[in-house]
Amino acid sequence: MYFSTTPKRQSVAADSEGSTGMRPVPRRKITVDIRLSRRRFIKGVIFSGAAAASGAYIAGAQQLRPGAVMDRLLTLNINGRPRPVEAGPSETLAFTLRTRLGLTGTKVACNRGECGACTVLLDDVPHYSCSLLTHTVKQRAITTVEGLRMPDGSLSAVQQGFIEELSPQCGFCTPGQVMSAEGLLRANPSPTREQARQALAGNLCRCGAYDHYLNGVMRAAELLS
Ligand code: FES
Ligand code: FES
């Protein structure tokens, strides 16, 4: 975008003859003031932004009803601990975990239920947290990757198995893979390789390290046996 630093005026001649030529209209001059300096531009942006923000605030305030703020407050059971938090009615669990509670081990990639990066356990069953509304999981036991560490600080069997088998490549999908494997082993501590493949089928890996993750799951099952 070009910003003129020198105020100036520009004249534009408008030819207002109609295209059919049936109704000639007298020519006239239109003067366009294009004294647009960077300072004026920024003022305009700030003002309009502030106006929009204040407008949204006023509109939001008008919609608030008594008790609305209280409706946003809830307590989640995360990694065995009650975690009071404020969450909007249309907020996803992935957003709440990462942004409000700082549990950034849960990753968000597609944010629409396709890749599995955001997998967490609800009552020991893997779910995509980007596709769950926070207010719908109030009664559930939520486990994130941060909650897998043993009380003595050691890693879980899945984490240890993944390390021993060098399962991750870039590592971005790893928390989701860990959580899906954890869900599998909690339900079935001695899976076959095919069962492990099925259990991790909802976790995409752009690095294509699928076999390495399966090796990690099978190693974790050995550690648990
Ligand atoms: S980020 Fe949730 S499934 Fe991809
Ligand atoms: S290890 Fe890179 S995306 Fe899976």
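Structure notes:
Let's see how each residue does on (1) under 20 Å from Asn188 (Cβ atoms); (2) touching a Cys at 6+ places or on another chain (Cβ under 9 Å); (3) of a type in the set (Ser, Thr, Tyr):
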residue	(1), (2), (3)
Gly116	yes, yes, no
Asp123	yes, no, no
Tyr128	no, yes, yes
Thr136	no, no, yes
Gln139	no, no, no
Ile142	no, no, no
Ser156	yes, no, yes
Gln160	yes, no, no
Glu165	yes, no, no
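- Sole residue being under 30 Å from Asp71 (Cα atoms) and within 16 Å of ligand 2 (Cβ to nearest atom), chosen from Gly116, Gly161: Gly116
- Of all the residues in segment 119-135, those that are surrounded by 20 or more Cβ atoms within 10 Å (Cβ to Cβ) and part of a loop (DSSP other than H, G, I, E, B) number 1.
For (1) of a type in the set (A, V, I, L, M); (2) surrounded by fewer than 16 Cβ atoms within 10 Å (Cβ to Cβ); (3) farther than 23 Å from Gly88 by Cβ, each residue gets a yes or a no:
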| residue | (1), (2), (3) |
| --- | --- |
| Ala117 | yes, no, no |
| Gly147 | no, no, yes |
| Gln169 | no, yes, yes |
| Leu184 | yes, no, yes |
| Leu214 | yes, no, yes |
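- Checked against (1) under 18 Å from the mean Cα position of the chain (by Cα); (2) in contact (Cβ under 8 Å) with a residue 60 or more places away in the chain, Leu223 passes all but condition (1).
Taken together, the values in this text are just the output of simple stated rules run on the coordinates, not laboratory data. What you see is a predicted model, and the numbers here were worked out from it, not measured in a lab. For neighbour counting, all protein chains shown are included, and Cβ atoms are generated from backbone atoms with ideal geometry for every residue, glycine included.
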